[in-house]
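S.K.: If you scroll down you'll find the structure; I have some questions about it.
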Amino acid sequence: MFDKLIYIETFGCQMNVNDSERIVTMLADLGYAPTNDPASADMILLNTCSVRGGAEEKVYRRLANLRIYKRDGKKQIIAVGGCVAQQEGEELLRKLPYLDLVIGTHNLHLLQDSIKGESRLSRFVTVMQGCDNFCSYCIVPYVRGREISRRSSDILTEVRQLADEGVREVILLGQNVNSYGLKSDHEPSFAELIRQVADVDGIDRIRFTTSHPKDMSDELIACFGDIPKLSGQIHLPAQSGSDAVLKLMGRGYTRESYLGKVRKLKSIRPDIVITGDIIVGFPGESDADFEQTLSLMEEVRYIDLFSFVYSPRPGTKAAELSDDLPRAVKMARLDRLMELQRRHTMEISLPYVGSLMTVLVEGEGKLPGQISGKADIGRIVNFTGDSSLIGSFVDVRITKAYPNSFLGEL
Ligand code: SAM
Ligand code: SF4
């Protein structure tokens, strides 16, 4: 029985989206239902991200806006979760007297006992926490700690439970999923783990994120050739196309070895689509380095790209490098990169018009009478249909391609 409302704003990566989902599930046991209206909420939670700079200030500003809902004498709880909470801890409570609760990323599991399964169709399953890579720009290993793989037996038990609850798709989640189990003699490789998950009846589609290119093994690439349940989309962040910048970033691969892995993926699954992350304006990135990034994009042809302007994070190795590239130059590079990506997204998407895609229908669409779901390649497809189809896989003919979705008909 729900008798209270929770309003959550989530910033940052899929880890945080996953944490927010876990919090909603945990709080459901305490009688909280989610709401989109902060004014009516009994609890307001900001799930924060500190991967780029200015995060703390943004949280302070947003909290200052949200606290107005507390003014009318209502007994409302205001809470902060995620990486900023993990980093700042009780300091936040001291600085902000109207803040009631701080939930770090490390103590979320204490609430885990009370998790109650919520039947939905696509669910994240965490396979590992933390990261050991220490890419020179990145704060994640400091905030989320060292890499710890979960026991495969626990992961499989969770996947079976989800399948029993009606979940049809799982997204295996970690900062660097393809180094899963490498530190342990008892656990399977990530490729083997995918095969075991694929054996679970009821789960019909598997995705994973994020893979580090240096740990993308031939064994894992082979999975795309012979596991039909494995989605035809992979997120493989390159960060840069220049060897000099990759070296400074401490990524552990070269442009050529990255491209070699992309070529292997495409030869094993010719229809695979690739998404990625790129950082522009890393300290010392020259015009020639940036051109290398654009030419890498031309070779890979990402369907979608998350692009970031480099932001120094205190305590990381890159923060000690001289970052003297004018902001205007960084922004001009970002504009060019995004322009190229928009072209690639449409060039890759348009040929799908007229084709059939198998869509897992997950909910109502944007317009009345429409339903919506995800295709195997991870894109949203909206189409006219009855909501009784929610929860099933259907074949949809694509009629129009947009920058972020497709329109289709049953
Ligand atoms: N573990 C994943 C990986 O290695 O690809 C991604 C983790 S990180 C949360 C997501 C993305 O944020 C990274 O791929 C990177 O492009 C971007 N990022 C991380 N630190 C950054 C920084 N200091 N400045 C700009 N972008 C950053
Ligand atoms: Fe950050 Fe690199 Fe780890 Fe990704 S692999 S979380 S970018 S340190």
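S.K.: No other cysteine beta carbon under 4.7 Å away is the test; run it over the chain and list who passes.
M.R.: If one checks each Cβ against the other cysteines of the chain, Cys13, Cys49, Cys83, Cys131, Cys223 turn up with nothing under 4.7 Å.
S.K.: What value does the chain have for Rg/Rh, both radii from Cα atoms and Rh as Kirkwood defines it?
M.R.: Rounded to two decimals, Rg/Rh equals 0.96.
S.K.: Another question, if that's okay. For region 241-282, what does the convex hull of the Cα positions come to per residue, in cubic angstrom?
M.R.: Details: hull volume 2.8 nm³, N = 42.
Taking the convex hull of the Cα positions in region 241-282, it is 66 Å³ per residue.
S.K.: Relative to the compact-globule scaling 2.2 N^0.38 Å, provide the ratio for the alpha-carbon radius of gyration of region 119-267.
M.R.: So the Cα radius of gyration is 1.07 times the expected 2.2 N^0.38 Å.
S.K.: Just order 15-23, 141-149 by mean Cβ neighbour count inside 10 Å, highest at the front, would you?
M.R.: 15-23, 141-149
S.K.: In nm², what is the average projected area of the convex hull enclosing the Cα atoms of region 239-337?
M.R.: Orientation-averaged projected area of the Cα hull: 6.3 nm².
S.K.: Taking only the alpha-carbon positions of region 177-254 and ignoring solvent, what does the Debye formula give for the base-10 log of I(q)/I(0) at q = 0.16, 0.18 Å⁻¹?
M.R.: Treating every Cα as an identical point scatterer, log10 I(q)/I(0) equals -0.66, -0.79.
S.K.: Same structure again: By counting other Cβ atoms within 10 Å of each Cβ, how are Asp304, Asp324, Asp395 ranked from fewest to most?
M.R.: Lowest to highest Cβ neighbour count: Asp324, Asp395, Asp304.
S.K.: Percent relative contact order of region 327-378, based on C-alpha pairs within less than 8 angstrom and at least six residues apart? Kindly include the intermediate steps, with their values, before the conclusion.
M.R.: Working: 28 pairs, mean separation 11.8, N = 52.
Relative contact order, region 327-378: 23 percent.
S.K.: Search the structure for amide H atoms under 5 Å from the amide H of Thr126, placed 1.01 Å from N in the peptide plane, and list their residues when 5 or more places away or on another chain.
M.R.: Residues meeting the criterion, in which the H sits 1.01 Å from N, are Leu173.
S.K.: Subtracting the Cα-Cα distance from 0.36 nm times the residue separation, let me have the gained length for Phe393 to Glu409 in nm, one decimal.
M.R.: Working: separation 16, 0.36 × 16 = 5.76 nm, distance 1.37 nm.
Full extension from Phe393 to Glu409 adds 4.4 nm.
S.K.: May I ask you to order 290-299, 337-346 by the average number of other C-beta atoms within 10 Å around their residues, highest value first?
M.R.: Going from most to least packed, we get 290-299, 337-346.
S.K.: Mind sorting Glu285, Glu90, Glu320 by how few other Cβ atoms lie within 10 Å of their own Cβ, fewest first?
M.R.: Ranking Glu285, Glu90, Glu320 by Cβ neighbours within 10 Å, fewest first, gives Glu90, Glu320, Glu285.
S.K.: Can I ask one more? Dipole size in debye (nearest 20) for the chain around its Cα centre, Lys and Arg Cβ +1, Asp and Glu Cβ -1?
M.R.: Dipole magnitude for the chain comes out near 720 debye.
S.K.: Any chance you could get the radius of gyration and Dmax over the Cα atoms of region 285-410, in Å?
M.R.: Rg, Dmax (Cα atoms, Å): 19.7, 58.
S.K.: Normalised by the number of residues in the chain, what is the relative contact order in percent for Cα pairs under 8 Å and 6+ residues apart?
M.R.: Reported as a whole number, the value is 10 percent.
S.K.: Any idea how far the Cα center of region 313-352 sits from the one of region 15-80, in Å?
M.R.: About 30 Å separates the Cα centre of region 313-352 from the one of region 15-80.
Values quoted throughout were computed directly from the atomic coordinates according to the rules given, and no laboratory measurement underlies them. Just so it is clear, the structure is predicted and the values come from calculations on it, not from any experiment. Every residue, glycine among them, receives a Cβ derived from its backbone with ideal geometry; neighbour counts consider all protein chains shown.
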